Structure formats: C-alpha cells, structure tokens
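*Asks:* Here it is, the structure in full.
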Amino acid sequence: PTVEVLFANKSNNGLAVRHVVNQEGVGGDCFGINELYLALLAGTDPKTLVLNGSNKSDEELEMAIQNGVCINLDALDELDRVNATATRLGREAEIGIRAKLELKALETRFGAAAHGEGSLAEQGRNHKWGMPFEQTAEMVNRAREGMPNLKLKEISYHLGRASNVPDDFAHMVRELIGWCARLR
C-alpha cells in the first residue's frame, strides 16, 4: 500500500491506455510537456505524476507547478528555476531529486549495453543524469533553508532497462535508502 507505480508514459501515450491505468490507480512518469499534457488530459491525478527530463522548458515547469505535479530535478540550476517559477505563481512546488548513485556493488555486473559500454555502475556514472551525494545534500539544504515554496517529496535513481535482474535493483534500492538516511 505504500508503493507508487509510475507508468512510463513514453511507452504508450494513448489516452485509452492512460485511462485504464488511471482506473488501476497507477501514476505516470512524464518526459516533456506533451506527455504531461496527455496524462492530465486523460484525467490522471496530478499528485500521481512526476515530470522528468534534463532540459525542462519554462512552459513545462509552469504547467507542472500549476497542476501540482512533482518535478524531478537533475541539476542544481533547476532548483533555482523551479523556485522562481513557484514564487512567481504563488504556488508550492513538489520536487524530487534524481541521484547519481555510485553502485559499487554493481561494478562487476553487466547488463544490456543500453547506455554504453561497461558495468552497470560504469553506465550509471557515465551516461545517467542526476547528482552525486554532495550536490544532492546541497540541494536539499538550499531547498529546506531558503525556499519555502518548495517541498521535497522524493529521491530517485533510474537503473532502467540496463538490467532485469532483481538483485541489481535491490543493490540500487539499498544504496538509495542509505542516501536518504544520510540526508535525514
């Protein structure tokens, strides 16, 4: 009951599919304004949506904030942009942070070469968006200390399609939980 499933809207933007997953209580991972717009158009509860993407436009940020959609941040400069937009709109913005985990336990694990050569750990370091722990901690502190319009909702990592081995995901989750404990 405490798990949220976020359907990858990029895998099928059909309104009928989105409507069915809405009925099942499934949220959505939106990459870009078109996926966000279609999910909202299909009646998805905005509190179950997350806006992802490394190059978010001002229009995307505004749509997400106006509708109460959580925005996953990939870089420190996005924090300032989201804060400025939320302040201008007089709204609270929920944010998440995409972590760039070290995944030392996966240094010798190799999955699909979906993100280049190397182990799962190397692929994550070299080809995935997100921030190392020090930058993540800085973002958390800045948001908590001087940005009252921002509310930290989540921290995430995207292991993605590089592996379908449950143990690989278990290592990722353990490291992510460790980060959360250190941040707390």
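*Asks:* Run down the aspartates and glutamates and flag those whose C-alpha is under 14 Å from the C-alpha of K153, throwing out any fewer than 8 positions away in its chain.
*Replies:* The qualifying aspartates and glutamates are E4, E92, E94.
*Asks:* Now for a different question. Mean residue ellipticity at 222 nm from the helices of the chain, using -39,500 (n - 2.57) per DSSP H segment of n ≥ 4 over the full residue count, to the nearest 500 deg cm²/dmol?
*Replies:* -13500 deg cm²/dmol
*Asks:* What FRET efficiency would be calculated for the residue pair L89, E138, taking the C-beta separation as r and a Förster radius of 25 Å, to the nearest 0.05?
*Replies:* The calculated FRET efficiency here is 0.50.
*Asks:* Of the options G111, I65, G90, report the single residue whose Cα projects farthest towards the positive end of the charge dipole of the range 1-160 (beta-carbon charges: Lys, Arg +1; Asp, Glu -1).
*Replies:* So the residue furthest toward the plus end is G111.
*Asks:* Another one. Heavy-atom accessible area per residue, the range 1-115, 1.4 Å probe: how many Å²?
*Replies:* 50
*Asks:* Here is a follow-up. How big is the charge dipole of the range 60-110 about its Cα centre, in debye rounded to the nearest 20, if each Lys and Arg gets +1 on its Cβ and each Asp and Glu gets -1 on its Cβ?
*Replies:* That gives the range 60-110 a dipole magnitude of about 140 debye.
*Asks:* Under 5 Å between amide hydrogens, which residues at least 5 positions from R109 or on another chain qualify, with H placed 1.01 Å from N in the peptide plane?
*Replies:* Close amide H contacts, sequence-distant or interchain: L120, A121.
*Asks:* Related question: Is the chain best put as rounded, prolate or oblate by its Cα gyration tensor, with a ≥ b ≥ c the root eigenvalues, rounded for a/c under 1.5, and otherwise prolate when a/b is larger than b/c, oblate when not?
*Replies:* The shape class here is oblate.
*Asks:* Sticking with this structure for a sec: In the neighborhood of L6, defined by Cβ-to-Cβ distances under 11 Å, what is the net charge if each Lys or Arg adds +1 and each Asp or Glu adds -1?
*Replies:* Charge balance near L6 sits at -3.
*Asks:* Sticking with this structure for a sec: Report in % the part of the accessible area of the chain that belongs to carbon and sulfur, leaving out ligands and nucleic acids; probe 1.4 Å.
*Replies:* It is 53 percent, rounded to a whole number.
*Asks:* The chain: longest stretch without exposed GluC sites (Glu not before Pro) (DSSP loop, at most 10 other Cβ within 10 Å), sites themselves excluded?
*Replies:* With a cap of 10 other Cβ atoms within 10 Å, the longest stretch comes to 25-116.
*Asks:* Between A181 and V165, what is the label-to-label distance in nm when each label sits 7 Å out along the Cα-to-Cβ direction?
*Replies:* Between A181 and V165, the label points sit 2.4 nm apart.
*Asks:* For labels at S54 and L76 in the simple 7 Å Cα→Cβ model, what's the distance in nm?
*Replies:* The two pseudo-label positions are separated by 1.8 nm.
*Asks:* Let me ask something else about it. Charges only on Cβ, +1 for Lys and Arg, -1 for Asp and Glu: so what's the dipole of the range 74-144 about the Cα centre, in debye to the nearest 20?
*Replies:* The calculated dipole for the range 74-144 is roughly 160 debye.
*Asks:* What is the dipole size for the chain, taken about its Cα centre, with +1 at each Lys and Arg Cβ and -1 at each Asp and Glu Cβ, in debye to the nearest 20?
*Replies:* Dipole size: approximately 240 debye.
*Asks:* What list of ³J(HN,Hα) couplings, whole Hz, do you get for the range 116-133 from phi and the Karplus terms 6.51, -1.76, 1.60, once you set θ to phi - 60° and write x for glycine and proline?
*Replies:* Computed from phi, the couplings for the range 116-133 are x, 6, x, 5, 4, 5, 5, 4, x, 5, 8, 10, 10, 6, x, 10, x, 4 Hz.
*Asks:* Can you pick out the pairs among K10/K128; K47/K104; K10/K47; K56/K104 whose Cα atoms lie more than 24 Å from each other?
*Replies:* Check vs 24 Å cut-off fails for K47/K104; K56/K104.
The values are calculated or read from the model by the stated rules, or taken from the named source; none is laboratory data. Just so it is clear, the structure is predicted and the values come from calculations on it, not from any experiment. As a convention, Cβ positions derive from the backbone with ideal geometry for all residues, glycine included, and neighbour counts pool all protein chains shown. Accessible surface areas use protein heavy atoms only, side chains included; no ligands, DNA or RNA. Shrake-Rupley method; radii C 1.70, N 1.55, O 1.52, S 1.80 Å.
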